[in-house]
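Reviewing the structure listed below.
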Amino acid sequence: MERKKVTSSDVAKRAGVSQATVSMVLNKKYNVSFSKEVIRRVEEAAQELGYELPRRRVKKENRREKLLVVFCPNLTNPYYVMLLQGIESRATEQGFGLFVCNTQRSLELEERYLKMLPALNPQGVIYTCNPSRCFMSIVEELSRTIPFAVINNQNEKLDVDAVELDNSKLGRIMARHLLDLGHKHVAYIAPPLTVRQKQRSKRVEGFMKEFREAGLGDNVVIKAANESIDKDVPGIDSEYRIGYDLTKELLAEERDLTAIVGLNDMIAFGILDALYDEKYKVPGDMSVMGCDNTLFAKMHKVSLTTIEHFVIYKGRDACDIIMKKMKTRQSRYADMEPVSIYHVEYEPKLVVRGTTSYPPGTQKKEGKRKTSKKKN
């Protein structure tokens, strides 16, 4: 006759305790305290009855976790937080987790994270800005085995799927708005305009091109932060400080300015505060513009004129590209994998709020002309 298998209930009965107590004691779950006497009784009962703990099911080693890796240069700027929000919302819908690599614009950190990718074994990688030039070949090599998507500056030579952003177009829209209002002497404040951060230069170039075509290129002052700033770990107020400090310098150096533009909203917030401290009225004395249409730009007390280029949607699109690539690799219809490069681009839109208007004096003159007409 086959011997009946001993269960945890049998041990509990012999030791005079509950089945749950047996389970916790034998599995060494000591986060719940038991007296030495209880532990002794349970262990002796299990030994006397020949009780063995059930074997745990071991996960298959080849099972792959649903993980996406995201490279981000700066988590202190709401722009990148918005991109992450878009990526995460789509990834969560598809049951993926995210591993975020905050490179802090450091080549050493970016290289370190790239070397970690094989160990992380992700099912896709998203760059929220262009990879550094010295790592382009590594990214292209890795993309042959791991689906990559880059949210990059248009016209960059990358054989990788991309959600594109034409930064020069953003600059031109900003310039055209100010020109249409009649501004002729303006300044543009930017972070360091280095070769590594080409997207910044493209935005400035687009702005300058529009003013040159209007015959006013010499009337634009470009004020860029020192290159050393990019070598420091970005603080929560790094870009705000750029806007604030460089505006103070501009006001001491330039007398004819009627508008100051920030490369992004964070810089524009710094510009606004510096003007406020110097008793300038916005937009009465000085017009101010930003770019990215972040949350704070929409607040009534700020009401910043800016550019909307659908940042959250770009994050979702980058995630969608990864999903499409994965699906293609899982269900091929031929012996070889098809080569496909996805490119997505949104048309940016001007969002006019309360920080831009006509140059000082212009509106009053127009008002006088209208008044004299009525008298006639």
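The values are calculated or read from the model by the stated rules, or taken from the named source; none is laboratory data. None of these values were measured; they are calculated from a predicted model. Cβ sites come from the backbone with ideal geometry, for glycine too, and all protein chains shown count toward neighbours. The accessibility values were calculated without ligands, DNA or RNA, using every heavy atom of the protein model including side chains. Shrake-Rupley method; radii C 1.70, N 1.55, O 1.52, S 1.80 Å.
Roughly to the nearest percent, how much of the accessible area of the chain is carbon and sulfur, given a 1.4 Å probe?
Values: 10710 of 21470 Å².
Ligands and nucleic acids excluded, carbon and sulfur reach 50 percent.
Result for the chain in a Gaussian network model with C-alpha springs under 10 Å: among ILE222, ILE321, ILE260, the largest mean-square fluctuation is at ILE222. Cross-link check: pairs LYS279/LYS349; LYS231/LYS327; LYS184/LYS231; LYS209/LYS314; LYS202/LYS248 evaluated at a Cα-Cα cut-off of 29 Å; pairs beyond the cut-off: LYS279/LYS349; LYS231/LYS327; LYS184/LYS231.
Residues whose amide H falls under 5 Å from that of VAL221, counting only those 5 or more places apart or on a different chain, are VAL186, ALA187, TYR188, with hydrogens built in the peptide plane.
Which of the listed residues, ILE260, PHE99, ALA20, is farthest toward the dipole's positive end in the chain, when Lys, Arg count +1 and Asp, Glu count -1 at the beta-carbon? The Cα lying farthest towards the positive end belongs to ALA20.
Residues in segment 214-220 carry Karplus couplings, in order, of 8, x, 10, x, 6, 8, 9 Hz; the curve used is 6.51 cos²θ - 1.76 cosθ + 1.60 with θ = phi - 60°, and Gly or Pro positions show x.
Residue-wise HN-Hα couplings along segment 163-168, as the Karplus relation 6.51 cos²θ - 1.76 cosθ + 1.60 with θ = phi - 60° gives them from phi, are 9, 8, 10, 8, 5, 5 Hz; Gly and Pro carry x.
Which value, in debye to the nearest 20, describes the size of the charge dipole of the chain about its Cα centre when Lys and Arg Cβ atoms bear +1, Asp and Glu Cβ atoms bear -1, and nothing else is charged? Walk me through the numbers on the way to the answer.
Details: 62 positive and 50 negative charges, 263 e Å.
Around 1260 debye, computed over the chain.
Using +1 at the C-beta of Lys and Arg and -1 at the C-beta of Asp and Glu, which of THR355, SER228, MET174 has the Cα lying farthest in the positive direction of the dipole of the chain? Final value for the positive-end residue is THR355. Note on the chain: the alpha carbon radius of gyration divided by the globular reference 2.2 N^0.38 Å gives 1.45. With semi-axes defined as the square roots of five times the eigenvalues of the C-alpha gyration tensor, the equivalent ellipsoid of segment 224-314 measures 21, 19, 11 Å, largest first. Calculated FRET efficiency, ASP273 and VAL344, Cβ-Cβ r, R0 22 Å, to nearest 0.05? The calculated FRET efficiency here is 0.05.
Derived scalar couplings between HN and Hα for segment 269-285 equal 4, x, 4, 4, 5, 5, 5, 4, 5, 8, 6, 8, 8, 10, x, x, 9 Hz in order, rounded to whole Hz, by the Karplus curve 6.51 cos²θ - 1.76 cosθ + 1.60 (θ = phi - 60°), x for Gly and Pro.
Relative contact order for the chain: what percent, with Cα pairs under 8 Å and sequence separation of 6 or more?
Numbers: 599 pairs, mean separation 62.2, N = 376.
This gives 17 percent for the chain.
Note on segment 275-333: Rg/Rh from C-alpha atoms, Kirkwood Rh, equals 1.37. Near LYS223, within a Cβ-to-Cβ distance under 12 Å, what is the net charge of the other residues, with Lys and Arg +1 and Asp and Glu -1? Net local charge, LYS223 excluded: -3.
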